[in-house]
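To keep things clear, I will list the structure first and then write my remarks on it.
The values are calculated or read from the model by the stated rules, or taken from the named source; none is laboratory data. Since this is a predicted model, take the numbers as computed values, not measurements. As a convention, Cβ positions derive from the backbone with ideal geometry for all residues, glycine included, and neighbour counts pool all protein chains shown.
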Amino acid sequence: MQQAQTLYEKLWSSHVVRQDADGTALIYIDRHLVHEVTSPQAFEGLKLAGRKPWRVSSIVATADHNTPTDHWEEGIKDPISRQQVETLDANIREVGSLAYFPFKDERQGIVHVIGPENGATLPGMTVVCGDSHTSTHGAFACLAHGIGTSEVEHVLATQCLMQKKSKTLLIQVDGDLAPGVTAKDVVLAIIGRIGTAGGTGYAMEFGGSAIRGLSMEGRMTICNMAIEAGARAGLIAVDETTIEYLKGRPYAPAGDAFEQAATYWRTLTSDAGAVYDKVVEMDAAAIRPQVTWGTSPEMVSDISGVVPDPAAEKDPVKREGMTRALAYMGLEAGTPIKRIPVDRVFIGSCTNSRIEDLRAAAAVAKGRQKADSVKQVLVVPGSGLVKRQAESEGLDKVFVAAGFEWREPGCSMCLAMNADRLESGERCASTSNRNFEGRQGAGGRTHLVSPALAAAAAIAGHFADVAELN
Amino acid sequence: MRAFTTLDGLVAPLDRANVDTDAIIPKQFLKSIQRSGFGPNLFDEWRYLDHGEPGMDNSTRKLNTNFVLNQSRYTGAQILLTRDNFGCGSSREHAPWALDDYGFRALIGTSYADIFFNNCFKNGVLPICLPADVVDRLFATCLANEGYRLKIDLAAQQVIESDGTAHHFDVDAFRKECLLNGWDEIGLTLRHADEIRAFEASRKAEHPYYFR
Ligand code: SF4
């Protein structure tokens, strides 16, 4: 009998083209997602070396990082951003692709949103992209991770990556989530527990009844942030939720071919008795809504907690980091999280811009008004398809009635490469994935939260429990 | 790729944990479609007092004199001492491009984020991991001694202090070969083109729906 294998081992071994004695392997890449920021130098390198792309039908491309989220009719005003987007247009035109969703296309959107929703991300694939949040696609039992631009060029030229096998880590989350606790809270709680380097060197699988109970949207939120725990790849096993989600998607197989594929996909789980290098167990029932207070996703607290005191931290490097974070964030130790006021709110990003996220935010916003003290609440759908779906459900009207702004899809204020950004000193409740210094604009202060908590902060003007709103 | 064999370089200490790639090279500079020219904007938000944008004349900007790299004793440094989890965050290869363009050829620290670590090797920048107590001591010695230099010998896998104390470091054998020889990885992989083609054909036969 074959030895029990983890999901990671199955995905790895089904993609090894060759392996050297020292363990370095050539791994075949099924899907190559491309966006405007990390690809121009790779296409240029390819051309300079006189090489041809290996298999253009593996490429799915979109422009998302630099694109504006309003006044699309005016195009991209920043000339440097425009040049980068036009460079992608030209490269894809020249090279070809399976699918390209350029700026203004009705299916344009954040690269990690459009892959799954078009069925271009399928279980069992290797998926790469010049973007660290490629871990998102692991929610479909894909071996998916971010790569640098040199590797983008390597994949373009060879359809392979040179890799060494990772160690395996299982995060087992069992039990029922309390009402109002979402996938975002689960993953923030995990990062709070194991730290931002806790997953470094590992492929991180998420299992347990609480994970199996999540929708595909929730699972993508979890895997999206595996990289914030240091793991290049997050993974979740295939089950009927996965299969159901994929039915009828444009690039998924159809009819008999779908059933045949699904038979294979159902084998993409970790075998009973498979051995991991490390296992971390979490009690789902104990997880509360989370809010980050610092400049690293591991600096996180329950909504009912207080800003911690660096003086209580024994590790000097950590203490120094906390002190620096509190100074940057303009916070004092001991301040209750619920007393922290916000200036802006951002609902969007590849972590939380899918339809379920927008529904959760709209459920809180419905019939309520943004606090006067809040300057702006941006709601940025993850893609054109999400936007249309939300509008067909009337969510846009709920947001606008509450004083929120309903925008065009893109990365937007997640990283503030376009015009959507924080001013120095401004504080933001954000559904994105990184609270690093300057991430949402130089001097900006980011608190990571779920869509429901972001909407609650917009209404209350400070962090608040949804249940406590008026 | 440029080869890396040995280095005898001035050391600069960056005493912060979790330095992310956006701190190394802020997002606004990622709009460039070039591979070079990022050095003047390395650590831009810490290095200058004003907000940097692409196309600015960096020589006229106000420097933050408190930032370590702006101290004259570190001018021309080629080795950067770092702390835990250096290079976390975005996968941008612009981070090693900026470090390299500034003049850093090697990093010495306790740990690096995976993607960043990988990206360094692709650009001839050597990220070295040493035990925390050794790194602590190197920080202390560096701060106490102006003009502090270290030698790095990649073939021997050693960091050598001026008094001759040598610290062994681990490096993946394949990456080491690539760096020592300055090999182009794409060229290496394409030597196996037949194997890739054969693998692809059998995968396509088994799972045609991955190949539409
Ligand atoms: S939404 Fe944010 S994290 Fe996601 S791909 Fe865009 S910039 Fe990166």
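Enumerate the strands (runs of 3 or more DSSP E) found wholly within region A:154-232, keeping only those where 2 or more residues are free of Cβ contacts under 8 Å to residues at least 12 places away in the same chain.
none
Out of curiosity, is A:Arg354 within 16 Å of the ligand (Cβ to nearest atom), among the basic types (Lys, Arg) and more than 14 Å from chain B (Cβ to nearest Cβ)?
For A:Arg354, the condition - within 16 Å of the ligand (Cβ to nearest atom), among the basic types (Lys, Arg) and more than 14 Å from chain B (Cβ to nearest Cβ) - is met.
Give me a count of the residues in region B:35-82 that are small (Gly, Ala, Ser) and without any contact (Cβ under 8 Å) to a residue 24 or more places away in the chain.
So the count comes out to 3.
Name the residue, out of A:Leu33, A:Leu26, that is farther than 21 Å from A:Arg107 by Cβ and touching a residue at least 40 places away in the same chain (Cβ under 8 Å).
Among A:Leu33, A:Leu26, only A:Leu26 is farther than 21 Å from A:Arg107 by Cβ and touching a residue at least 40 places away in the same chain (Cβ under 8 Å).
Would region B:74-83 turn up any residue that is surrounded by fewer than 22 Cβ atoms within 10 Å (Cβ to Cβ) and at pLDDT below 95?
Taking every residue of region B:74-83 in turn, none turns out to be surrounded by fewer than 22 Cβ atoms within 10 Å (Cβ to Cβ) and at pLDDT below 95.
More than 30 Å from B:Ile152 (Cα to Cα), of a type in the set (Phe, Trp, Tyr) and crowded, with 19+ Cβ neighbours inside 10 Å: does that describe B:Phe29?
Yes.
Can you list the strands (runs of 3 or more DSSP E) lying wholly within region A:267-315 that have 3 or more residues being buried (at least 19 other Cβ atoms within 10 Å of the Cβ) and of a type outside the set (Phe, Trp, Tyr)?
A:290-292
Any idea which of A:Asn418, A:Asn433, A:Asn470 is surrounded by fewer than 20 Cβ atoms within 10 Å (Cβ to Cβ) and of a type in the set (S, T, N, Q)?
Residue meeting the stated conditions: A:Asn470.
What's the number of the only condition in (1) outside any loop (DSSP other than H, G, I, E, B); (2) out of contact with any Cys (no Cβ under 7 Å at 6 or more places or on another chain); (3) of a type outside the set (A, V, I, L, M) that A:Arg107 fails to meet?
A:Arg107 satisfies every listed condition except (1).
Surrounded by 23 or more Cβ atoms within 10 Å (Cβ to Cβ) and either among the charged types (D, E, K, R) or at pLDDT 95 or above (or both): is that true of A:Pro53 in this structure?
Against the criterion (surrounded by 23 or more Cβ atoms within 10 Å (Cβ to Cβ) and either among the charged types (D, E, K, R) or at pLDDT 95 or above (or both)), A:Pro53 does not qualify.
Mind checking which residues of region B:108-127 are of a type in the set (A, V, I, L, M) and surrounded by fewer than 24 Cβ atoms within 10 Å (Cβ to Cβ)?
Matches in region B:108-127: B:Val125, B:Leu126.
With the checklist (1) assigned to a helix (DSSP H, G or I); (2) touching a Lys or Arg at 6+ places or on another chain (Cβ under 8 Å); (3) more than 17 Å from B:Glu93 (Cβ to Cβ) in hand, flag the one item A:Asp89 doesn't pass.
Exception for A:Asp89: condition (2).
Just to be sure before I move on: is A:Ala231 more than 16 Å from the ligand (Cβ to nearest atom) and modelled with pLDDT of 95 or more in the structure I sent?
no
One residue is enough: does region B:23-30 have a residue meeting the conditions assigned to a loop (DSSP other than H, G, I, E, B), in contact (Cβ under 8 Å) with a residue 24 or more places away in the chain, touching a Gly at 6+ places or on another chain (Cβ under 7 Å) and among the hydrophobic types (A, V, I, L, M, F, W, C)?
no
When only residues in region A:341-392 that are under 15 Å from A:His447 (Cβ atoms) and hydroxyl-bearing (Ser, Thr, Tyr) count, which is surrounded by the fewest Cβ atoms within 10 Å (Cβ to Cβ)?
A:Ser349
Tell me which residues, restricted to region A:77-110, are surrounded by fewer than 22 Cβ atoms within 10 Å (Cβ to Cβ), farther than 25 Å from A:Trp54 by Cβ, within 14 Å of chain B (Cβ to nearest Cβ) and in contact with a helix residue (DSSP H, G or I) (Cβ under 7 Å, 6 or more places away or on another chain).
Of everything in region A:77-110, just one residue is surrounded by fewer than 22 Cβ atoms within 10 Å (Cβ to Cβ), farther than 25 Å from A:Trp54 by Cβ, within 14 Å of chain B (Cβ to nearest Cβ) and in contact with a helix residue (DSSP H, G or I) (Cβ under 7 Å, 6 or more places away or on another chain), namely A:Ile80.
Test A:Phe43 against the criterion of being within 16 Å of the ligand (Cβ to nearest atom) and either more than 11 Å from every other protein chain (Cβ to nearest Cβ) or within 27 Å of the chain's Cα centre (by Cα) (or both), and give yes or no.
no
Within region A:395-426, how many residues turn out to be in a helix (DSSP H, G or I), within 16 Å of the ligand (Cβ to nearest atom) and touching an Asp or Glu at 6+ places or on another chain (Cβ under 8 Å)?
The number of residues fulfilling the criteria is 2.
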